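A.B. asks: Starting off with a structure, shown below.
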Amino acid sequence: QVQLVESGGGLVQPGGSLRLSCAASGSIFSITAMAWHRQAPGKQRELVAVINNGGSTNYADSLKGRFTISRDKAKNTVYLQMNSLKPEDTAVYYCTGLTLGRAYWGQGTQVTVSS
C-alpha cells in the first residue's frame, strides 16, 4: 500500500503562484512514477503533470510553461509549482502514485484562483 498526502492548496489571486506538495509513504519502492491530476467542478479529471523514477517529466500541453513538477527523493515528496495562475486553474488537485499494478490517489487539495 502507498499513502499520499497533499498539502499547499488554498485561495490565490489571478497571476499568483502556489506550490503543492505530496508526501508518499508505505510501499514507495513500488512506485514507478508520480503525477498530479486535477478535477474542476463539472469536468472530468485530467492529467496535469507526471515525473518518472528517472526524472523525466511530461505535462498537459495547455499547462506547459506555467506548471513545474519536481521531486525530493530524500523526502519522498513530489511538488507542483504553479505560476501565473488563472481562474480556470481552480480545481481539486490530486497526487497520484503509479505502480505496475495500480494507481494510488491522495485525498486532494483545493486550489481556488479568484480575486
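The values are calculated or read from the model by the stated rules, or taken from the named source; none is laboratory data. Here the structure is a predicted model, which means the values were calculated and not measured. For neighbour counting, all protein chains shown are included, and Cβ atoms are generated from backbone atoms with ideal geometry for every residue, glycine included. Ligands, DNA and RNA are excluded from the accessible area calculation, which covers all protein heavy atoms including side chains. Shrake-Rupley method; radii C 1.70, N 1.55, O 1.52, S 1.80 Å.
A.B. asks: Within segment 27-109, what whole-number % of the accessible surface is contributed by carbon and sulfur, with the 1.4 Å probe and all protein chains included in the calculation? It would help to have the intermediate numbers written out before the result.
C.D. replies: On the way: 2170 of 4410 Å².
Ligands and nucleic acids excluded, carbon and sulfur give 49 percent.
A.B. asks: What are the equivalent ellipsoid semi-axes of the chain, built from the alpha-carbon gyration tensor (square roots of five times its eigenvalues), in whole angstrom, biggest first? List each step's numbers first, then the result.
C.D. replies: Values: eigenvalues 109, 38, 33 Å².
Result for the chain: semi-axes of 23, 14, 13 Å.
A.B. asks: Ok, one more. Connecting C-alpha atoms closer than 10 Å in a GNM of the chain, tell me which of TYR59, TYR94, TYR79 has the biggest fluctuation.
C.D. replies: TYR59
A.B. asks: For VAL5 and LYS75, compute 0.36 nm times the residue count separating them, minus their Cα-Cα distance, and round to one decimal in nm. Working shown, then result.
C.D. replies: Details: separation 70, 0.36 × 70 = 25.20 nm, distance 1.27 nm.
So the chain would gain 23.9 nm between VAL5 and LYS75.
A.B. asks: Then there is this: Would you calculate the separation in nanometres between label points at SER84 and SER27, each defined as 7 Å from the Cα along the Cα-to-beta-carbon direction?
C.D. replies: 4.1
A.B. asks: Averaged per residue, what accessible area in Å² does the chain show with a 1.4 Å probe, protein chains only?
C.D. replies: Details: 6050 Å² over 115 residues.
Result: 53 Å² per residue.
A.B. asks: For the chain, give the magnitude of the charge dipole about the Cα centre (Cβ charges: +1 Lys/Arg, -1 Asp/Glu; no others), in debye to the nearest 20.
C.D. replies: Numbers: 11 positive and 6 negative charges, 23 e Å.
Around 120 debye, computed over the chain.
A.B. asks: A further question follows. Sorted from largest down, give the three principal axis spans of the alpha carbons of segment 32-96, whole angstrom values.
C.D. replies: The Cα atoms of segment 32-96 stretch 35, 21, 19 Å along the principal axes, largest first.
A.B. asks: Looking at GLY15, PRO41, GLY65, which one has the Cα that reaches farthest to the positive end of the dipole of the chain (charges on Cβ: Lys, Arg +1; Asp, Glu -1)?
C.D. replies: The listed residue farthest towards the positive side: GLY65.
A.B. asks: Just to confirm a number: summing +1 for Lys and Arg and -1 for Asp and Glu over residues other than ASN83 whose beta-carbon lies under 14 angstrom from that of ASN83, what do you get? Could you put the intermediate results ahead of the total?
C.D. replies: Working: positive: ARG19, LYS64, ARG66, LYS86; negative: ASP89.
Local charge sum for ASN83: +3.
A.B. asks: Once you place label points 7 Å from the Cα toward the Cβ at ARG66 and ARG102, how far apart are they in nm?
C.D. replies: Using points 7 Å along Cα→Cβ, the separation is 3.4 nm.
A.B. asks: Still on this structure, I have one more. Please give the charge dipole size of segment 13-68, origin at the Cα centre, charges +1 on K and R Cβ atoms and -1 on D and E Cβ atoms. Round to the nearest 20 debye.
C.D. replies: Numbers: 6 positive and 2 negative charges, 30 e Å.
In total the dipole reaches around 140 debye.
A.B. asks: Give me the distance between the Cα centres of segment 58-115 and segment 11-37, rounded to whole Å.
C.D. replies: Going from one Cα centre to the other spans 5 Å.
A.B. asks: What number do you get for segment 1-45 when its Cα radius of gyration is normalised by 2.2 N^0.38 Å, N = residues? Write down the numbers at each step before the final one.
C.D. replies: Working: Rg = 13.7 Å, N = 45, 2.2 N^0.38 = 9.3 Å.
Expressed relative to 2.2 N^0.38 Å, the Cα Rg reads 1.46.
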